[in-house]
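Novice: Below are the C-alpha cells for one structure; questions will follow.
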Amino acid sequence: MNKDIDAMPSKNPLSLQLDLKSFEKATDEEKFMQQRMRESTTFFKDGMRRLAKNKIAMICLIIISVIVLIAAFVPMIYPYNYSDQLGITPGQSVDSSYNNLKPFEYGETELERIAAGEKVFPHIFGTDSAGRDYAIRVIYGTRVSLLVGFFASLIVLVIGAVYGSVSGFYGGKVDLVMMRIVDIIYSLPDLLMIILLSSILNVTLAPKIEGTGLAKLGTGMISIFIVFALLYWVSMARLVRGQILSIKQQDYVLAARSIGAKSSHIIKRHMLPNCISVLIISTALQIPSAIFTESYLSFLGLGVDMPMPSLGSLASDALDGIYSYGYRLIIPAVTICLIVLSLNLLGDGLRDAFDPKLKK
Amino acid sequence: MDSKLALYIVKRLLLALFTVFLVITITFFAMKAIPGGPFLSEKATTPAVTAALEAKYGLDKPVMEQYVTYLKGVLEFDFGPSIKNRGREVSDLLVEGFATSGKLGLMAAGIAIIMGLIFGALAAVFHNKVIDKVIMVLSTASVAMPSFVIATILLLLLCITIPLFPSNGSTAGGLVLPVISLSLYPMAYITRLTRSSMLDVLGQDYIRTARAKGVSPVKVIFKHSLKNAVTPVITYVGPMIAYILTGSLVVEKIFAVPGLGNYFFSSIINRDYPMIMGTTIFLATIMVIMTLLSDICYKIFDPRVDFS
C-alpha cells in the first residue's frame, strides 16, 4: 500500500496542485460500496414492473386483451356475417322462421340440413328481429365501439398534445390567446353540442361523401370523429400545457441547462419522459369516455348507420323487444360495462405505476 | 380579497354570457346548414305555399338579418314554432317539459349529493374495513355504467321480471326508477370524491388535535372533517347537473317520462330542428349557469383558492 504512494511523483513545493501523497487509498469496503448491486432500470421498465405488481390492473389488461382479440379475429372465422339476414335467399320468399330466434335455436332450412346429417354452427345468442345472427353482431359491435373509442382518443391526443405543447412552450401572449380559446370551448356543454352537431352532420354530410370511401364508414361515425376533433381535445390541451409549463420550471431542467445541456437533450431526456406518462394515462382514460359517448349517441339513434352495429345501437334496438328478449339488451350492456370498467381500472393502474409523484 | 373575488365573478359572468351567445350562434348557423330549410314538410308543398311560409317566418330576408331576429327572439324566450307539433310554440313545449324534467333532475341531484356524502364519509371513516371495500367496489362499478344501461337494466329487473314499479314514468311511482338511474352515477362519483378528500382531511394535524382534546368522534367527523372535505364536491355540482340533464334525455325515453328529454329525443327522430335548437339553447344555458354558480361557490367556500 505504501509502495503505491511512494511510487507517486513527489510534489513540487512551488506548484499550486494538490499533493497526491495526501490522498488515502480506498479500502476494499469502500470500493464495495461503489459497486452497482443491480442494473439501473429505465423509467419505462420501472413503471411496467410496478404495473405488473398491481393485480387489478393486470386482470383488467387480460380482460381487455381477450375482448380485443375476440373483436379482431372472430369475425374473420365466424360462419355468419353481421349484416346477413339469414332468412333472405335471393330468388325466394323471405323465411321468417329465422327472425327472433332464441339462443341455440335454428331456422327451418337449417333444421332440414341438420336432419340430413349436416353440421350447422349454432346461433349462440339467437338472431335479431331481421334474422341476423346476434352473437356476431355483438362481436362486430364491440369492434366498432373499440375502434371508435381508439381513434377518437387518438384524434384528441394528437390535437390536444400539439396545441397544448405549442401554448406551453411559447408562453406569453400566444399562450394567453390560445388558452382563452380553450376556455370558451371548454365552457360549451359538450354532449349537447355533440348531439346537435351529429344530428346536423348526419343530414349535411350524406350527399357530400356519397360514392367515396368514407361513405362505407357512414355519416354517423364520421360525425362522431368530427365532433371529437372539434370539442374533446381541450382538456388534453390544458393537461399538456400545464405539464410543459411545470417541467420548464423544474430544478432538474435548470440544472441540466447550467451544465450546458442542449435544448434537444432537455426535451428528449427530461421533458418527454415526464410528459409521456401523463399522455398515456389520459389517453387510456379517454378511450372509455369515447366509448361511453359513442354508445350514448348510438342509443339516441345518432351513432353508426344500419346495418352496422355498435354496442350502443344494439342496446337501443333491443329496447323494442325488451319484454320477450331481455338478454339482447343485457349482452351489449354488460359488454360496454366490462370494457369501460376494465379500461378505467387499467388507466388508474397506469397512473399509479407511472406517476413520478406517487413513487415510494 | 373582496375586490379580487368581485373581479373573478365579473370575469366568469362575461365568459358565461359569451358561451350562451356562442351556443346560440352555433345552433343558428347549424340550422342554416341543413338543406331544405327548417320548414320542410312531409307533404309536398307548392312553391307559392313555400314562399308564403318563408315570408311569414322571415326566411326570405338576408341571413344576417335573420340571425339578429333570432337572437332577439331568444332573448324574449321565443324559439319559433315547432314543426312536428303543429300550432305549438317551442318555448311552450320547453316550459311544459321542464316542469317534469326539473322535478326529476332536482330529486336525482339531491339524492346523489346526500347519499354520496354519506357513503363517502362512511368509507373514509371505516377506511380499509369491509364497509369501505363494499362501497368502493359498488361505486367503481356504477361509474362504468352509462345512464341508459343502468336505466334499461333497472327497467328489465324491477318492472318486467319483478314488477315492483310501473314502467311508465308519467305517474308519481313511475319516477322512482328514473331518479335512481339518473342519480347512481353522480352518487358514485361524489362518494369517491368525498372519500378521498375525507381521508386527506382525517390525516391532518387539526383533526388529531381535536381528538386529543376530547371532541366526540361524531363531532370530529361532521364538524371538522366533512365540512372541510366538501369543497371538491361543490366543483362537481356543475358537471353533475350537465350529466343529469343529458342523462335524462335517454332515461326519459326509456321510462316514457313526458319531460324535456322525451321532446328532445322525438325531435331528433322527427328532425324537428327548431325544437332541437330550442332545447339545446335552453339546456346549455342551464348548464352554463350551474357551472358558474358552482365555481363561484367553490371560490367563496375555500378561501385558500387564489383568483388569478
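The values are calculated or read from the model by the stated rules, or taken from the named source; none is laboratory data. The model shown is predicted, which means the values in this text are computed figures rather than measured ones. No Cβ is skipped: glycine too gets one built from the backbone with ideal geometry, and neighbour counts run over all protein chains shown. For the accessible areas, the whole protein counts, side chains as well, though only heavy atoms, and no ligand, DNA or RNA atoms are used. Shrake-Rupley method; radii C 1.70, N 1.55, O 1.52, S 1.80 Å.
Novice: Ordered by residue, what ³J(HN,Hα) values in Hz, to whole numbers, does region B:191-206 give under the Karplus form 6.51 cos²θ - 1.76 cosθ + 1.60, where θ = phi - 60° and Gly and Pro are x?
Specialist: Going residue by residue, I get 4, 5, 4, 4, 4, 5, 6, 5, 4, 4, 5, 4, x, 6, 5, 5 Hz, with x marking Gly and Pro.
Novice: Any idea which of A:THR127, A:SER153, A:LEU111 is furthest toward the positive side of the dipole for region A:102-164, if Lys and Arg beta-carbons carry +1 and Asp and Glu beta-carbons -1?
Specialist: So the residue furthest toward the plus end is A:SER153.
Novice: Shifting gears a bit: Could you state how much accessible area is buried at the B-A interface, both sides summed, with a 1.4 Å probe, in Å² to the nearest 100?
Specialist: 3500
Novice: Can you tell me, using C-alpha contacts under 8 Å and at least 6 residues apart, the relative contact order of chain A as a whole percent?
Specialist: The value is 21 percent.
Novice: Relative to the Cα centre, what is the charge dipole magnitude of the protein assembly as shown, using +1 at the beta carbon of each Lys and Arg, -1 at the beta carbon of each Asp and Glu, and rounding to the nearest 20 debye?
Specialist: Dipole magnitude for the protein assembly as shown comes out near 2380 debye.
Novice: Round to the nearest 10 and give me the degree value, 0 to 90, for the angle of helix A:272-299's Cα axis relative to the longest principal axis of chain A.
Specialist: 10
Novice: Using a 10 Å cut-off around each Cβ of peptide A:180-190, what is the average number of partner chain Cβ atoms that fall inside? Could you put the intermediate results ahead of the total?
Specialist: Details: counts 1, 0, 0, 3, 4, 2, 3, 13, 8, 16, 3.
Other-chain Cβ atoms within 10 Å of each residue's Cβ, averaged: 5.
Novice: What residue among B:ALA108, B:ALA229, B:ALA212 shows peak mean-square fluctuation when chain B is described by a Gaussian network model with Cα springs under 10 Å?
Specialist: B:ALA212
Novice: Would you please name the trypsin sites (Lys or Arg not before Pro) within region A:15-85 that are DSSP coil residues with at most 14 other C-beta atoms within 10 Å of their C-beta?
Specialist: Answer in residue order: A:LYS25, A:ARG36, A:ARG38.
Novice: Average partner chain C-beta neighbours within 10 Å, per residue of A:287-300? If you can, show how the numbers build up before the last one.
Specialist: Details: counts 0, 2, 0, 0, 1, 5, 1, 0, 3, 8, 0, 1, 10, 9.
Mean shielding by partner chains, rounded to a whole number: 3.
Novice: Okay, next question. For region B:90-176, what relative contact order do you get, as a whole percent, if you take Cα pairs closer than 8 Å and at least 6 residues apart? Could you put the intermediate results ahead of the total?
Specialist: On the way: 26 pairs, mean separation 11.0, N = 87.
This gives 13 percent for region B:90-176.
Novice: Here's something else I'd like to know. So if a site counts as exposed when it's one of the GluC sites (Glu not before Pro), its DSSP state isn't H, G, I, E or B, and it has at most 10 other Cβ atoms within 10 Å, what's the longest stretch of chain A without one?
Specialist: Looking at chain A, A:211-360 is the longest stretch - no exposed GluC sites (Glu not before Pro) with at most 10 other Cβ atoms within 10 Å.
Novice: With angles folded into 0 to 90 degrees, how steeply does helix B:2-33 sit against the dominant principal axis of chain B? Use alpha carbons for both and round to 10.
Specialist: That helix lies at roughly 40 degrees to the long axis.
Novice: Counting only protein heavy atoms and using a 1.4 Å probe, what share of the accessible area of the protein assembly as shown belongs to carbon plus sulfur, as a whole percent?
Specialist: Carbon plus sulfur share of accessible area: 66 percent.
Novice: Order the peptides A:189-197, B:120-128, A:12-20, A:253-261 from the highest to the lowest mean number of other Cβ atoms within 10 Å of their residues. If you can, show how the numbers build up before the last one.
Specialist: On the way: A:189-197: 23.3, B:120-128: 19.2, A:12-20: 8.0, A:253-261: 12.0.
Per-residue mean Cβ counts within 10 Å order the peptides as A:189-197, B:120-128, A:253-261, A:12-20.
Novice: Report the label-to-label distance for B:PHE126 and B:GLN204 in nanometres (one decimal), using points 7 Å from each Cα along the Cα→Cβ vector.
Specialist: 2.5
Novice: Using only the Cα atoms of chain B, build the gyration tensor, take square roots of its eigenvalues as a ≥ b ≥ c, and label the shape rounded, prolate or oblate: rounded if a/c is under 1.5, else prolate if a/b is larger than b/c, else oblate. If you can, show how the numbers build up before the last one.
Specialist: Numbers: a/c = 3.64, a/b = 1.67, b/c = 2.18.
The shape class here is oblate.
Novice: Which order do the peptides B:18-28, A:282-292, B:253-263, B:153-163 take when ranked by the mean count of other beta-carbon atoms within 10 Å per residue, highest first?
Specialist: Numbers: B:18-28: 18.9, A:282-292: 22.2, B:253-263: 24.6, B:153-163: 15.7.
Output ranking for B:18-28, A:282-292, B:253-263, B:153-163: B:253-263, A:282-292, B:18-28, B:153-163.
Novice: Could you state how much accessible area A:TYR163 has, in square angstrom rounded to the nearest 10, with a 1.4 Å probe and all protein chains kept in place?
Specialist: Here the accessible area works out near 40 Å².
Novice: How much mean residue ellipticity at 222 nm does chain B get from its helices, if each DSSP H run of length 4 or more adds -39500 (n - 2.57) and you divide by all residues, to the nearest 500 deg cm²/dmol?
Specialist: Working: 11 runs with 211 residues, N = 308.
Counting only the DSSP helices, I get -23500 deg cm²/dmol.
Novice: Another question about this same structure. Quick one: net charge around A:LYS248, please, counting Lys, Arg +1 and Asp, Glu -1 for every other residue with C-beta under 11 Å from its C-beta.
Specialist: After counting each charged neighbour, the total is +2.
Novice: Could I ask something else about it? Using label points projected 7 Å from each Cα along Cα→Cβ, tell me how many nm separate B:LEU14 and B:ASP92, to one decimal.
Specialist: Taking the simple label geometry, B:LEU14 and B:ASP92 are separated by 4.1 nm.
Novice: Taking each residue in B:237-246, count the Cβ atoms of any other chain within 10 Å of its Cβ, then average. What number comes out?
Specialist: Shielding by partners across B:237-246 averages 2.
Novice: Anyone know which of A:ILE339, A:ILE155, A:ILE330 comes out most mobile in the 10 Å Cα GNM of chain A?
Specialist: A:ILE330
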